[in-house]
Amino acid sequence: MIEMMRRILLFGCLLMTVSMGGFAQTQRQVDSLLNICRPLAETDIKAAEAKLLHFKQQYFGFPAELYIAQLYDKADKKGTEYRAEVAHAYDQMSLSLMSRGDMELYILSLFYSGRNDACAKKAREALTYYPQSLPLNRYFFRSLVSQGHYRESLTAYENLTHAQPAIMEHSDTVHYSVAVTGWARYLYQQGKYKEAAQWMEPFAQQRRQNGQMTDDVTMQLANIYIEWAKELEGPEKEQMLLKADALLAQRIPETTMNDDLFAYMRVQMIQFQLDPEAHKGTALPAILQMEQVFKKKADLDERHKERLVTGYRYLMSYYFIEKEDYALAAQYADKILALYPADDAATQVKKLYKKIQA
C-alpha cells in the first residue's frame, strides 16, 4: 500500500517524462536519494531534509514531506523529541494522499506536539478513511478530552473500545475518567443532577469493583448528591445527603490525599445540614472521624483548628442542652479551650458546669 501511494505521488514526476524509460530513471534517482538521505539523517537530519526539498524543486510532485516525516519519526528515539517536525512535514500534504500508517503517524505527532485542536480536526477527517483504526480513534478521543469537549469525547471513547485491535492503555482510562467527571460536573452545574448521577454512579461503582476508586471521582459524585439535596425536601433530601455521607465515609480510610477534606465535608456539608441545631446528635460519628483524621496530621493549621472547634461546639451543645450530660459537655469545652483559650461559649459552659458541681 505504501509503495502504491508513493508511486501515485510520483505521478508529477511522470509528467516530466514521456516514456517508461524516463519514469524508471526518475525512480532510480529517488531510490538513490533515499539511500543517501536515510543514513545521513542519523548524523545530520537537517542536511537530509534539505536534500529532499531540493529534489522536490527539480521534480514536481515529488513527496518530499512524506519522506521527511518518516526520517524525523525514525530519528525520534525518545518518542516525543521530533513530534512537532513530523507533524509539520505532514501538514504540507493532503490526507487523501497518505497511507493509513502515515495518517496514524501524523495524528499521533499532532497530539504529542500539543496541537490538540488540529489533532481533533485531522483525526475526524482521517477516521472517514479508516474508522476502525486504533491510533486514529485513540488520539481523536484524547485530543477532545484535552480541549474539554467532554460529551463528544465520551462518544469517541465508545468508538475507541470497538476499534481494532481493541487494546486499551492506562492513559485511555485516565482520559476517560477526566471525560466522565468533566461531563458530570457540567451537568450538575447546569442543575441536571439526575443526569449527572446517571453518568457518575455506574462509573464510580466500576472503579470501586476494579480497585481503582479515586478522590476525584469521589468528590464529583459527593458534590452531585450534596447539590441535588438542596433542591429536595423532607425524607428525599435526607436520603440524598446520606448517600453522599456514606460515599465519603467509605473513601476516607482509603486515602491520605484528601481524607481531611472529605472528613470535613461529612461534618459541615452533610451532617450539619441534617441536624443544624444539634438536637439529634447524629453528627457524632462524622465529627469523631474528622478528629481522628486531623490527629494524624503532623501540625494542625488554623483551618484544621477552626474545623475541629466547629465540631466540638456541636457536641458541647448537644450534650449540655439535649442530653444534660454536663460532664461530657465540659470535656468538649476543654477541647475547644485547648485550641482557642478565649472562646466565649466554651468558657461559659465550663463556668456553668462548675456551678452545677457546686
(1) polar (S, T, N, Q); (2) in a helix (DSSP H, G or I); (3) within 28 Å of N223 (Cα to Cα) all hold for Q348 apart from (3)
Which residues, counting only those in segment 76-86, are in contact with a Phe, Trp or Tyr (Cβ under 6 Å, 6 or more places away or on another chain) and surrounded by 15 or more Cβ atoms within 10 Å (Cβ to Cβ)? D76, Y82, R83, E85, V86
Members of segment 113-129 found to be in contact with a Ser or Thr (Cβ under 9 Å, 6 or more places away or on another chain) and surrounded by 19 or more Cβ atoms within 10 Å (Cβ to Cβ), listed by number: R115, N116, C119, A120, A123, A126, L127
Note down all Cβ pairs under 8 Å where the first residue falls in segment 211-229 and is of a type in the set (D, E, K, R), the second is part of a helix (DSSP H, G or I), and they're at least six residues apart or on different chains. D215/R251; D215/F262; D216/S177; D216/T181; E227/Y188; E227/Y193
Any residue at all in segment 316-339 that's of a type in the set (G, A, S) and either part of a loop (DSSP other than H, G, I, E, B) or within 30 Å of Q220 (Cβ to Cβ) (or both)? no
Spot the failing condition for W199; the list is (1) under 24 Å from M240 (Cα atoms); (2) in contact with a helix residue (DSSP H, G or I) (Cβ under 6 Å, 6 or more places away or on another chain); (3) open to solvent by less than 40 Å² (accessible area, probe 1.4 Å), and only one is missed. (3)
Given (1) open to solvent by less than 60 Å² (accessible area, probe 1.4 Å); (2) of a type outside the set (F, W, Y); (3) free of Cβ contacts under 8 Å to residues at least 60 places away in the same chain, number of the condition Q132 does not satisfy: (1)
For segment 334-358, give me the residue count where each residue is of a type in the set (A, V, I, L, M, F, W, C) and open to solvent by less than 70 Å² (accessible area, probe 1.4 Å). 6
Y67 being closer than 30 Å to L144 by Cα and open to solvent by less than 30 Å² (accessible area, probe 1.4 Å): yes
Note on segment 135-179: residues touching a Cys at 6+ places or on another chain (Cβ under 8 Å) and open to solvent by 40 Å² or more (accessible area, probe 1.4 Å) are none
Quick one: how many residues across segment 69-124 are over 25 Å from T43 (Cα atoms), aliphatic (A, V, I, L, M), part of a helix (DSSP H, G or I) and at pLDDT below 95? 2
State which residue pairs qualify: first residue within 17 Å of A179 (Cβ to Cβ) and inside segment 156-168, second residue assigned to a loop (DSSP other than H, G, I, E, B) in any location, beta carbons under 6 Å apart, and separation of 6 or more residues or different chains. A163/Q132
Within segment 225-236, can one find any residue that is open to solvent by 40 Å² or more (accessible area, probe 1.4 Å) and farther than 29 Å from L187 by Cα? no
Among (1) without any contact (Cβ under 8 Å) to a residue 40 or more places away in the chain; (2) of a type in the set (K, R); (3) in contact with a Phe, Trp or Tyr (Cβ under 7 Å, 6 or more places away or on another chain) - the single one R313 does not satisfy: (3)
Condition check for R303: buried (at least 18 other Cβ atoms within 10 Å of the Cβ) and basic (K, R): no
Tally of residues being loosely packed, with under 15 Cβ neighbours inside 10 Å and either among the acidic types (D, E) or under 44 Å from the mean Cα position of the chain (by Cα) (or both) across segment 306-333: 4
Subset tally (residues that are within 21 Å of L134 (Cα to Cα) and within 27 Å of the chain's Cα centre (by Cα)) for segment 66-86: 4
Given the conditions (1) open to solvent by 20 Å² or more (accessible area, probe 1.4 Å); (2) under 21 Å from H304 (Cα atoms), report the number of the one that L248 does not fulfil. (1)
What residue, among those in segment 87-112 that are within 20 Å of the chain's Cα centre (by Cα) and of a type outside the set (F, W, Y), is surrounded by the fewest Cβ atoms within 10 Å (Cβ to Cβ)? L108
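The values are calculated or read from the model by the stated rules, or taken from the named source; none is laboratory data. Just so you know, these numbers come straight off a predicted model, no measurement behind them. Cβ atoms come from the backbone with ideal geometry, glycine included; neighbour counts cover every protein chain shown. We work out accessible area using only protein heavy atoms, side chains counted, and drop any ligands, DNA or RNA first. Shrake-Rupley method; radii C 1.70, N 1.55, O 1.52, S 1.80 Å.
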